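*Asks:* Sending over a structure as structure tokens; questions will come in a sec.
Every read-out reported here was derived from the displayed coordinates using simple, explicitly stated rules and does not represent laboratory data. Computed from a prediction, not measured in an experiment: that's the story for all the values here. All Cβ positions, even for glycine, are placed from backbone atoms using ideal geometry, and neighbour counts span all protein chains on display.
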Amino acid sequence: MEKEMIKLNQGPLLEVKDLSVEFLTDFGNVKALNNINLQIKEGEFIGIVGESGSGKSTLAFSISALLPPNAKVSGYVKFKNDIITSPEISGFSTVKMKRSQRKILTSTMANIRWKGISMIFQGAMNSFNPVYTIGKQIEEVFYIHTDLPKEEVKKKVVDLVKTAHLDPSVLKSYPHELSGGMKQRAIIAMALALSPDLVIADEPTTGLDVISQAKIIEELKRLRKEGKIKTLIIISHDLGVVSQLADRVLVMYGGNIFEEANKDEILEKPFNPYTFELLNSYPSILKTDQILKGIPGNPPDLTKDRPGCVFAERCEFAQQICFETKPKLMEIGERKSYCHFADTIAKDPIKFFTSNLTAGEGALDLLERSDISKNKTLIKLENLKKYFNLRGSASGELFGSISSKKFVRAVDDITLEIKEGEILGLVGESGSGKTTLGRVVLRTLDVTSGHLYVNFSKDSGDDFKDIAKVKEKSKLFKEYRLMTQMIFQDPYDSLNPKMLISDIVTEPVRAHKVTKDPMEMEEMASYTLSLVKLNPPERYMDRYPHELSGGERQRVAMARAFILKPKLLVADEPISMLDVSLRASFLNLILSLRKEFNLTVLYITHDIASAKYISDNILVIYLGEGIEYGSSNDLINNPLHPYTKALIKAIPDVYGMKEFSETDIIGEVGNAIDIPQGCRFYDRCPYRQEKCKNEKPPKRGTENHWYICHFSQEELENIRKNKNQK
Amino acid sequence: MLIIILRYIFTSKFFSKFYIQNLPLGKWVKMNIYLLARKIIQAIVLAVLMAVIVYVVYRLMPGNPAELFLFGAKHYGATPAQMNALLSELGLSGGKWNLMNFLIYMKDMFTFNFGYDYIRGEPVWEIINYAMPYTLLLLGTALALSFIIGIPLGIVTSWVRGKKSEAFSITISLILNSIPFFILGVILYIYLVSFYHIFPVTSGFSTYYLYHFSWPNFEFVLYKMALPLITLVVIEAAAHVLTMRAAMVSTLGEDYILTARAKGVSEAGIMFRHAARNAMIPVTTRMALEFAGLTGGAVIVEILFSWPGIGHILYYATLMEDYALSEGALFLISLITIIAYVLIDYIHAWLDPRIRV
Amino acid sequence: MKENTKVILRYISYPIAILLALVFAPLPLWFRGIFPYFQVMPLIIFFSGIFLMVIGSFWDFGARIYLNELMEARIKITDENLKAIHKKELFMNMIYISIGFLYFLVAFIIYYI
């Protein structure tokens, strides 16, 4: 008790007071932060959630005193008893500082940096200098901040790396020799080198695949338990990641803190419209069929001056007052909310959020799944294979000591049926061959072997033709091209920046020579643009892609894909580059098009939650092989294959905590060249037995939900029990 | 010969002292022995190719020194037997495109037996031997100085990003880098020599001053070579400033620089330890290219300031259709360039751990 | 190993084919009397030999592409592997250089006929 009392008297570890940051750019002043107040006590784990442009990274930079010289600061940040960010010492004013002043500043900062506040960056990107070994870069921290002799530093570094569950041999390797997950662990080890008081983790898991992400989260939790991390600020766009680690969550939008509360409170009963709508945008594997609304509109332009609330333009609950005056951060008990109506919401949140709902009811039946099983089959894949020749295959034989194989088995032996009007989710980690499968189905890539039957009949009958080996100039192939379209991952790369939106949208019309009449084309374009909810279409027709936001661009891509009313749409990770609030509405767009036009969609993604939300059936792919197939609810609630089990367990979900343990899966994604002889998952499977190594596993389960494994569910359960006993 | 030179370089006391014996081999010799062997073979083959190109280019040129010679010989009443003897001595008896002539040529080239000068009758090797130290002195000093000046200036320029001094430095470098060697040389000559008489009219001096080092001798040499050196260094250093700055700016935007800053590395540490080492990688790839430019520039500058180096010889020998001398000079210049390429390759592999294929 | 030799033979076959073409293709012209075969061809073949040596010593025989593909497919490449590849490359270089000497030999034979 006494100790706690002392701690409380000491005051906060970190205090942010009235902090505003503006960046001076050529396009005007970007108001990145407005009047931020924040206090962090020792031992707290704080999460900061926000979309791009919310100012969360700027806040992290001000806390670690790393603001660039074009920043204009007011207010201050105080760490323990030192002011580390203030108008006098950071950003713009450092440019004009005298040398002697700067020296004093850097020496005080050097004491705080890494000793007091250390950072965990995105290790999957390049946070390590590529020309030095990992060991040297961790040692550098000790040489800067301590006077320890060389041998002792080396010993300490080895200890550090061991606490992060890494093999000491990584110390001698260069960053490019490590995988993303290993680099991230090394970054964590480096951040804990001087046992700092405060650790800031800026998007620590972005860019990693789901399983590495789960392992990193576990790691951080364990380090907290062991007392290695005392206080943590975790910043992420992913509420799932934040909710796994933080006690208290800050929600940021447009440079303001919109809500601050304990994690459970914020998830159960948000007191702010933005938080409410944001929570409604996250697809979750645990939520039962519930429509995601998303947030309409675009992220705010922070260079503009606005009299009212930043969120007012997009808020469903906005009143006149919201556009006219800025709200205040109201304190309601322990919680804070930045809204004019915070009091009203706090009294009865459910009433407020349901009574003021204005839009979105019409879409509620989107998720109603009509029974597709009665529909006719559109596409049948039979033992479809796509092997890529290693281009250096001749040299491969010459230099063959590394790999004796000549092919990349991108897609290996996939048999599948897609009904008309079905949305099929293809789920897999990067490198699993899911994109290749999508392209093979479109026949933009040639088929190596197997059959691709397509139903060409115009009415309810069946008219299957195998187009796996059909030549590109044939009539049948052209007909198939008209039936199919594709959307790509990156809305910034997939639209030609030098073309008008109307030209981009009508490109397929011109390519297939459907019509040459410009009036007709324009009509088609405007109709399609209104279909993808870019209203009014005239506003978009004569603009260029760079004038649109990411979400709008992806809609333009959708319009281009849909202008010829294709039967099959292949969507390759269409939402992974979009902000969270825009994702849900894009998914809803696909659903509504499906409902209206009986569109068939092949939805390729690494994000199981969104696949569950949108698709009827899901196929899980591992190294080119379909390992589990089932209706989306079935597959998520009752996964059968060990890989699917691990994958689903690894998703950091907003609603509910799952313990992910290292034994669920071993190692990292393998390669599609040197595949194991027997089961493809052998190298990573925790249930593996002797027979998995050399024998191909059979298909098990029912027609509607099958998986590929040597063992039935009971046998798997027994193996697990035996293992636990040992 | 090349093998001997290379072997000498790699096994010399200087080299082994710093790179092989005192430090663990694997750490410094980033290339393994097979790759090293490949690089050496490549250098040799390249030298052979250069000799072939020199041969072809000179045989394709119009005019025929034999005709020239024989014209004089006929004039003084030479017998056909004497004429044939002269032809075979010049290696032209079987025609320009004869295999045996070519082989003799190759043998002579690689044993540095370049024959006799057509005009004065001196051994070519001696003429080149006399001129070589001048060229090496000028080239080596210019290369070193342009690096010593250009690279730090580039780093400093990237440091003061967004200030007036940066714009000033970039503009000046751009202007200097786009001036051809001969224009800058002529301008310097007109102002510093003709108008103000600061520097000497011709840059030639005896090799005595090179081989007998003393302070006044050094000063004298410096005074003589100042103008050609300034011409070369100014333009080359400007190029280095520009490439180094561009490389530094892109490196400073990388994530690991932010990490280093958060770690508390001092500004100088960030600039020199973290950024400069990475920025040097693209600069060294361009270095090979710039070295070739420098060699070409050296030839022009030597002619301009009558610097008695190989470029000077090459120029006049080519004008006089003095095959033996100009072939020899050209071949030696290309040999120097090839050796420089090999060394640059090695430096590059040492700087960047990612390049090992 | 057998595959290996096959590939090496294939790589050898290209320059040999070019050599045969160089030797026999101009012969009809010589029979017609419009081409001084024995004066010019030796030097041309000799030059081709040198050119082949240049190509052979600078070409990596697809090693770079192969390594890139392996890296894209996430196969670990150790230093030992790299060393083996360089050794193989050196071996191929030497083979091409010796074929270059074969060119020289042919050039001499034609010269002395």
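*Asks:* Please name which of B:Ala142, A:Ser86, A:Leu495 has its Cα lying farthest along the dipole of the protein assembly as shown towards the positive end, using unit charges on Cβ (Lys, Arg +1; Asp, Glu -1) and the Cα centre as origin.
*Replies:* Farthest towards the positive end: B:Ala142.
*Asks:* For chain C, rounded, prolate or oblate, judged on the Cα gyration tensor with a ≥ b ≥ c (square roots of eigenvalues), a/c < 1.5 rounded, else prolate if a/b > b/c?
*Replies:* prolate
*Asks:* Using 20 Å bins from zero, what percent of all Cα-Cα pairs in chain A falls into each bin?
*Replies:* It works out to 15, 46, 34, 6, 0, in whole percents.
*Asks:* While we're on this one: Show that you can apply the helix-only estimate: for chain A, add -39,500 (n - 2.57) for every DSSP H stretch of four or more residues, divide by all residues, and state [θ] at 222 nm to the nearest 500.
*Replies:* Helices in chain A give a 222 nm mean residue ellipticity of -9500 deg cm²/dmol.
*Asks:* Additional query: How large is the Kirkwood hydrodynamic radius of segment B:127-356, in angstrom, based on all distinct alpha carbon pairs?
*Replies:* 19.4
*Asks:* What does the charge count near A:Ile188 come to, summing +1 for each Lys or Arg and -1 for each Asp or Glu among other residues with Cβ under 13 Å from its Cβ?
*Replies:* +4
*Asks:* Which helices of chain C meet both criteria: a Cα extent of 15 Å or more along the helical axis and a mean Kyte-Doolittle score no lower than -1.0, with helices taken as whole DSSP H segments?
*Replies:* TM-like helix candidates: C:2-24, C:37-58, C:79-112.
*Asks:* Summing Lys, Arg as +1 and Asp, Glu as -1, what charge do residues with Cβ under 9 Å from the Cβ of A:Leu534 carry, A:Leu534 excluded?
*Replies:* +2
*Asks:* Expressed as a rounded percentage, what relative contact order does chain C have, with Cα pairs under 8 Å and six or more residues apart?
*Replies:* Worked out over chain C, it gives 42 percent.
*Asks:* Moving on. How large is the dipole of segment B:127-356 about the Cα centre if only Lys and Arg carry +1 and Asp and Glu carry -1, each at its Cβ, rounded to the nearest 20 debye? If you can, show how the numbers build up before the last one.
*Replies:* On the way: 12 positive and 13 negative charges, 196 e Å.
The calculation lands at about 940 debye.
*Asks:* Now a separate question. Could you sort the peptides B:97-108, A:508-519, A:696-707, A:237-248 by per-residue average Cβ neighbour count (10 Å cutoff), highest mean leading?
*Replies:* Values: B:97-108: 17.6, A:508-519: 12.3, A:696-707: 14.3, A:237-248: 21.0.
Result, highest mean first: A:237-248, B:97-108, A:696-707, A:508-519.
*Asks:* Taking the Cβ of each residue in C:Leu27, A:Leu220, A:Leu166, A:Leu529 as the centre, tally the other Cβ atoms inside 10 Å and list the residues starting with the fewest. Mind showing how you got there, number by number?
*Replies:* Details: C:Leu27 12, A:Leu220 24, A:Leu166 19, A:Leu529 27.
Taking fewest neighbouring Cβ atoms as first place, the list is C:Leu27, A:Leu166, A:Leu220, A:Leu529.
*Asks:* While we're on this one: What does the charge count around A:Gln101 come to, taking other residues whose C-beta lies under 15 Å from its C-beta (Lys +1, Arg +1, Asp -1, Glu -1)?
*Replies:* Residues close to A:Gln101 contribute a combined charge of +3.
*Asks:* Quote the charge dipole size of the protein assembly as shown about the Cα centre in Debye, to the nearest 20; the model charges only the Cβ of Lys and Arg (+1) and of Asp and Glu (-1). Write down the numbers at each step before the final one.
*Replies:* Working: 133 positive and 123 negative charges, 399 e Å.
Here the protein assembly as shown has a charge dipole of around 1920 debye.
*Asks:* Counting only other chains, what is the mean number of Cβ atoms within 10 angstrom of the Cβ of each residue in peptide A:126-138? Mind showing how you got there, number by number?
*Replies:* Numbers: counts 5, 8, 4, 12, 8, 11, 6, 1, 0, 0, 0, 5, 1.
That average works out to 5.
*Asks:* Here's a follow-up. Which of B:Trp307, C:Trp30 comes first, and how do the rest follow, when ranked by fewest Cβ neighbours within 10 Å? Working shown, then result.
*Replies:* Details: B:Trp307 27, C:Trp30 14.
Listed from fewest to most nearby Cβ atoms, that is C:Trp30, B:Trp307.
*Asks:* In deg cm²/dmol and to the nearest 500, what is the mean residue ellipticity at 222 nm of chain C if only DSSP H runs of at least 4 residues count, each as -39500 (n - 2.57), divided by the residue total?
*Replies:* The helix-only estimate for chain C comes to -28500 deg cm²/dmol at 222 nm.
*Asks:* If we count other beta carbons within 10 Å of each Cβ, what is the order of A:Asp579, A:Asp343, fewest first?
*Replies:* Going from sparsest to densest Cβ surroundings: A:Asp343, A:Asp579.
*Asks:* Follow-up question, since we're still on this one. Only bridges whose two residues both fall in the protein assembly as shown count here: according to DSSP, what percent of them are antiparallel, nearest 5?
*Replies:* Beta bridges within the protein assembly as shown, antiparallel portion: roughly 60 percent.
*Asks:* On C-alpha positions alone, give me the angle between the axis of helix A:550-562 and the longest principal axis of chain A, in degrees, nearest 10.
*Replies:* 0
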